[in-house]
Structures are given as structure tokens and as C-alpha cells.
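The values are calculated or read from the model by the stated rules, or taken from the named source; none is laboratory data. This structure is a prediction, so every number in the text was calculated from the model and none was measured. Because the Cβ atoms are built from the backbone with ideal geometry, glycine has one as well, and the counts that use them run over all protein chains shown. Only protein heavy atoms, including side chains, enter the accessible area calculation; ligands, DNA and RNA are left aside. Shrake-Rupley method; radii C 1.70, N 1.55, O 1.52, S 1.80 Å.
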Amino acid sequence: MTKLVQYPSGAYVLERDAYSTPVLETYHLGIDFGGLSAVNNFNIIVGPTEISGLIGPNGAGKTTVFNLLTKVYQPSKGTILVNGHDTSKMSTVDVNKAGVARTFQNIRLFDKMSVIDNVKVAMNNSMNYNPLHAIFRTPKYYKEEKRIHQKALELLDIFNMSDLAETTAGSLPYGAQRRLEIIRALATKPLLLLLDEPAAGMNPNETKELMETIRGIRDKFNIAIILIEHDMSLVMNICEGIAVLNYGRIIAKGTPKDIQNNPVVIEAYLGKPDQED
Amino acid sequence: MEKTIRKIFDKKHISRTISYLVVIGGFVAVQLLMNTVGIKSLFRSLLVPTCCYIVAALSLNLVVGVSGELSLGHAGFMSVGAFTGIIICGVLEPYLALNWLRLLIAIILGGVAAAIVGLLISIPVLKLQGDYLAIVTLAFCQIIKSLLNNIYLGIDSNGLHFSFIENRVSLIPGGKMLLSGPMGATATTRLATFTAGFLLILLSLLIIYNLTYSRYGRTIMAARDNRIAAESVGIHIRNTKMLAFVISACLAGMSGALFGLNYSTLQPAKFDFNLSILILVYVVLGGLGNITGTIIATLILYALPELLRGLQDYRMLIYSIILIVIMLITNNRKLKDKTDALIADIKARLPKKGSAAHD
Ligand SMILES: Nc1ncnc2c1ncn2[C@@H]1O[C@H](COP(=O)(O)OP(=O)(O)O)[C@@H](O)[C@H]1O
Ligand SMILES: [Mg+2]
């Protein structure tokens, strides 16, 4: 199935990604919260079409890694390269423009806005008119608004949500909210999509559907995805590379098979059972 | 044609239609009254200030309601607009006989001046998160008042004469003082008209609604509702909030210019902290982000006590009580849930129109 090959740097990537620039590289990435190190010496390389998983017990630092990658937190140490560009001087906004989009463990939609407006906000940077066009309703305003409306509808349609376009985002059922968050992230045209526990709170059927959706996104949009997830079957099924985090450190990396049989991983999970939050 | 009409009355735009109807209806009603039975001079004298306060409240709503930032110095922008307008009109008077044109230029430049000041304030402040904007705008309002309290400016055939802190302006005969320190403007030609006020309200509505239903409205509301999520999809929070703040300042400046040109004398102290709070009360009471509500709240809270002269002394007291009650209700979970439930209950009893599409 998946075959890993070695980059010149020594890191392993999928064979099909071997000759392209990695979409994400981190070197010695770390952050301390008041002397306590939440993430330490975090090194990964993700190829441009890879679905990779980031797993580990609660409190291991997975969400913190996403917050570092998107610059919600400033790293205390280390380097992050997005598509080969150093992000050390970038803000959250810049990192998004460089190609990283994400969802949140605790859903963060624009609750009071409609579903389609949530998507349109994310398409804002591809729009092309200034405040005067808006105030005086010039032809350019109408043309651009129509274009973006069409694009947003198309995107919603891919995920069977175009019927809900005018619904208030906050009133959607839980599963649909998670889906909308993914759509909104995709609307920014990312190279790398970060999904923080997308299956949390879903029933087995919804989870299965989500699995197909995630694979579909990679195939359709040709992007890389990093997935934080507790559902082992989901991770083992769709991820091509997995990193296991414990106490802020990577304790194992490899293909799903490697991870499944790794005694260190088994110990980390059994030794400290999951406390649901 | 049919499409346009449907658009005006569809659910998404109905509140906008109501706002315009309220404003236009009010204007027509007053005009009719004036031309038939006539109206009392007290009532007549309230027309222009009411328009000014409505515009000021609408513009503040853009910052506090739509953008979600607390500003406590809105009167400062009115002040900048007012005295800019007064000076411009004083300077132009010998050269430009058309009253309405002088008024128009004064209002535009009053707005521009306030917008520039708003931009200068917002650049450093909106970098910070939290209530800094409230503190800085509060200070700004005080500073503008103190500055104007010390400016002496006169004009005669030799041009403008200026002095600071002490009045050392001496004018040749035929000249006139435009600003006299704490006395402010003392000999303004009154140019403001009710029609100008009405048009200014329409302009504000146009700007605010068109901006709200555009990419800018979406980003402003997204930045308010969830800052981190907005940044994660590439929305620059500071630029977004700055746009709302500057446009708000501009409209407040315009309303100030109209206000200033409605009186022959105007002191800088008129635009103090109290006035900022009054306008804030109109906005909070009208409902944050609710345009029609803001207009109606201003009408009721400003015009009514003025008309019922006896109540005037208690105005600040009544306002404070109303404000406290509103805050108690909105910050109290139980009370809020109960009010929401009550509203939902009433809505459920109303006959349903159309299909409940997505529930
Ligand atoms: N802003 C913060 N300040 C202090 N500690 C934090 C902060 N964010 C995360 N942490 C700590 O970092 C650790 C990892 O948290 P998190 O990344 O959310 O774990 P996970 O997503 O793997 O469950 C936890 O111990 C958490 O308390
Ligand atoms: Mg987490």
C-alpha cells in the first residue's frame, strides 16, 4: 500500500511525494508555558499529497502543535517551513495565505452568520473590490459578489450542504458544523489542511462517512492533510504516515502498521488511559 | 422590476426597508405638519439636533454593535467635525454665497477631518486586544475638548489669525472671531436645515447597509464573532476593525458639522464624556447592531425628554437606570434565557409564512 522513501535530510516521506518540496517541515519545534514544555523537539516532514495522523493521549500536546503551525502560539524554539517558506516572521493570517488552513477541536464557526457567509468570509482574500465599490454598489461589486456566491455554492455542493446555505451556522447540527468548518478551511485554497479531532462526538456511521470525505478531499483538491484523532480505526484506515505524541515529544513515527505494533506506543496508550474531556 | 420589489421586501433585507421607511416617513410627516397646522418652535428647534444624534448613534453602532469594540469618545469626533465645519464656513463666507454649498463643503470636510483623526487613533490602538480602545477614545475626547478650550482663531481681510492659550488675536474692523477658547464659536452663521439632516441620515444608512452587505461587513462580523477563526482564514483583524472605526468617525464628524452649524454659539464643552455616553445609551438600547432600533431609541430617548421639559433634569438619572437594567438583563443567564424563551414563544404563536425550509 504505502511505501516510504528517504529524503536527503533523512526523513521518510511517501514514494510519490519524494521529488517534490514538502508542504510542511518542522525542525526542533517547541514551546514552553511558564517553564513547562508542552511541545519539545517536534520534527516532522509532510509531503504535498500525504494524509498523516497525529495521535497521542489527552494533553499530549497535539492541539498545541496545530496552534504552533498556525502561529496562534509563537514557538519558543525551532523552525517551521510551509512549502519551503520559513514562517518565523509570519502571523496567523500570513500562514493561512502561505497555504495552511485548519479546523478547531472546539468548533469555531461564525455562529451568527449564515452557512454561505461563513464560506464567503474565507474567500475574502480572493475578492477584488474596495470599500468605495461596496458603498456605491458599482458593477464591479455586483460582479465580484456574484462570482464569490457561485464559488461558495459550488464548494458547499461538493459536501451536500448547498441546501443549507442560508441557515445560521450556529443552528446547524453538530456533524454539519464540523463539516462546515472543513469547507470554510478549504475555501481559503490551502496546500495543507489541519483537522483537529474531526470525528469527535460523531456516531460510527458519521465517522465512516467522514473518513470517505477526508480521503475525497485529498484526491479532489490534491492537498496534504494532518489529522488529530482519537478514533484509532479512522486513523489507521486513512493515514499514510503517523506520528505519536506523548508528553509533548514524538515517541514513534511510521506507517500505520509500524505504529500498531510498536510496544512504546501501546504502553503510552495503555499506561495512561484516555480521560475524555 | 418585480425582482427589485421582491428584493426590497425579502426576509434578509426587511429590516433595511423598515429603517428607510421610518426615516422617510418621519421626514414626510414633519414636512406635512410644518406646511399645514404648523409646529411649535420648541419642536422645530429639535429637528436638526435629532438628525445629528441619529447619525452619531448609527455611526457608533458600526463600531460598538457591528464591529464589537467599545468606544467611549464618540463626541470627540463630533467635536472635530463641528469645529472644522464652523471654521470652513467662516472662511468661505465672503467668497461663497450659496448657503447649501457651504454647508455641503463643511459637512464633507468635517467628516474628512474626523476620519483622519480616527485613523491616527486606531493605528496604534487596534493593534492591542481588549478594552484599550475604550480607554484611548475616552482620553481622546477629553484632549480634543481641552485643546479647543485653548484655541483662539479669528479671520479678517488679512486672513486667519491664531493664538493658543491666551487670546492675542487682534482683528481689523470687519473681522470676526471663529473660535474664542472656552467660549467656542460665538458668531456662526446658522446654515443647518432639517432637509440636510434628513439627507445625512439617508447617506449614513446607505453607507452602513451597503458596507454591511459586502465583503467588509462579513469580515467585520467574523472578526467580532471569532477572532482566532477569522485570522485562521486569512482575515486581518486590525485592518478590518480600522475600516469600521474610520467610517464611523467620518460619519460622526459629518453629524458634528451639521450640529455645529445649527447654533450661532457652540462651546467645546458641549462635546464631553456625557454626550459620548448618551449616544452609547441610544446604541445599547436600540440593540447592538440593530439599525432601526438605534434610530427609534434615539428618537424616544433624545426627543421625548426634550419635549417633556419637566423630565429634562432627570435625564441622566433615567439613562443610567435604563443602562444598568439593560446590562443586568443581558449579562444574566437566567433572565436572558427567559426573555429569549418568551420571544420564541411569541414567534411560535404567530402564523407561519412560507415553508420552514431547513429545520
Ligand atoms: N495557552 C496555554 N497555556 C498554558 N498551558 C497550555 C496552553 N495550551 C496548552 N497548554 C498545555 O499544554 C498541554 C497540551 O495541551 P493540548 O495541546 O491541548 O493537548 P492535546 O490536544 O494533545 O489533548 C496541556 O498540558 C495543556 O494544559
Ligand atoms: Mg487537543
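A few points about this structure:
- Measuring only protein heavy atoms, the 1.4 Å probe finds B:Arg227 accessible over about 60 Å².
- Using a cutoff of 8 angstrom between alpha carbon atoms and counting only pairs six or more residues apart, the relative contact order for segment B:61-119 works out to 38 percent.
- Cα-Cα separations in segment A:111-187 greater than 17 Å, expressed as whole percent: 43
- Expressed to the nearest 5 percent, the antiparallel share of DSSP beta bridges inside the protein assembly as shown is 70 percent.
- Centre separation in Å (Cα based) which lies between segment B:63-103 and segment B:165-197: 15
- Secondary-structure-derived ellipticity at 222 nm for the protein assembly as shown, considering helices only, amounts to -17000 deg cm²/dmol, per-run term -39500 (n - 2.57) for DSSP H runs with n ≥ 4.
- Accessible carbon and sulfur surface of segment B:2-351 relative to its total accessible area, %, 1.4 Å: 67
- Of B:Leu335, B:Leu179, B:Gln31, farthest towards positive along the dipole that unit charges on Lys, Arg, Asp, Glu beta carbons give chain B: B:Leu335
- Taking only the alpha carbons of chain B, we obtain Rg and Dmax values of 21.9, 77 Å in that order.
- Rolling a 1.4 Å probe over the protein heavy atoms gives the protein assembly as shown an accessible area of 48 Å² per residue.
- Placing +1 on the Cβ of every Lys and Arg and -1 on the Cβ of every Asp and Glu, with no other charges, gives the protein assembly as shown a dipole of roughly 1680 debye about its Cα centre.
- 1.4 Å probe, heavy atoms, protein only - residues of segment B:226-242 losing at least 10 Å² accessible area vs chain alone: B:Asn226, B:Ile228, B:Ala229, B:Glu231, B:Ser232, B:Val233, B:Gly234, B:Ile235, B:His236
- Size of electric dipole in segment A:82-185: Cβ of Lys, Arg +1 and of Asp, Glu -1, about Cα centre, debye, nearest 20: 220
- Å³ per residue enclosed by the Cα convex hull of chain A: 148
- Remark: relative contact order (chain B) = 28 percent; criterion is Cα-Cα distance under 8 angstrom and separation of 6 or more residues.
- Between B and A, buried accessible area from a 1.4 angstrom probe totals roughly 2800 Å², ignoring ligands, DNA and RNA.
- Base-10 log of normalised Debye intensity for the protein assembly as shown (one unit scatterer per alpha-carbon) at q = 0.10 Å⁻¹: -0.97
- Once backbone amide H atoms are built at 1.01 Å from N, A:Leu24 has A:Val46, A:Asn83 as its partners under 5 Å, excluding neighbours fewer than 5 places away on the same chain.
- Taking the 1.4 Å solvent-accessible surface of chain A as the whole, the part contributed by carbon and sulfur is 52%.
- Mean Cα-pair separation over length for segment A:196-277, i.e. relative contact order, pairs under 8 Å, 6 or more apart, %: 20
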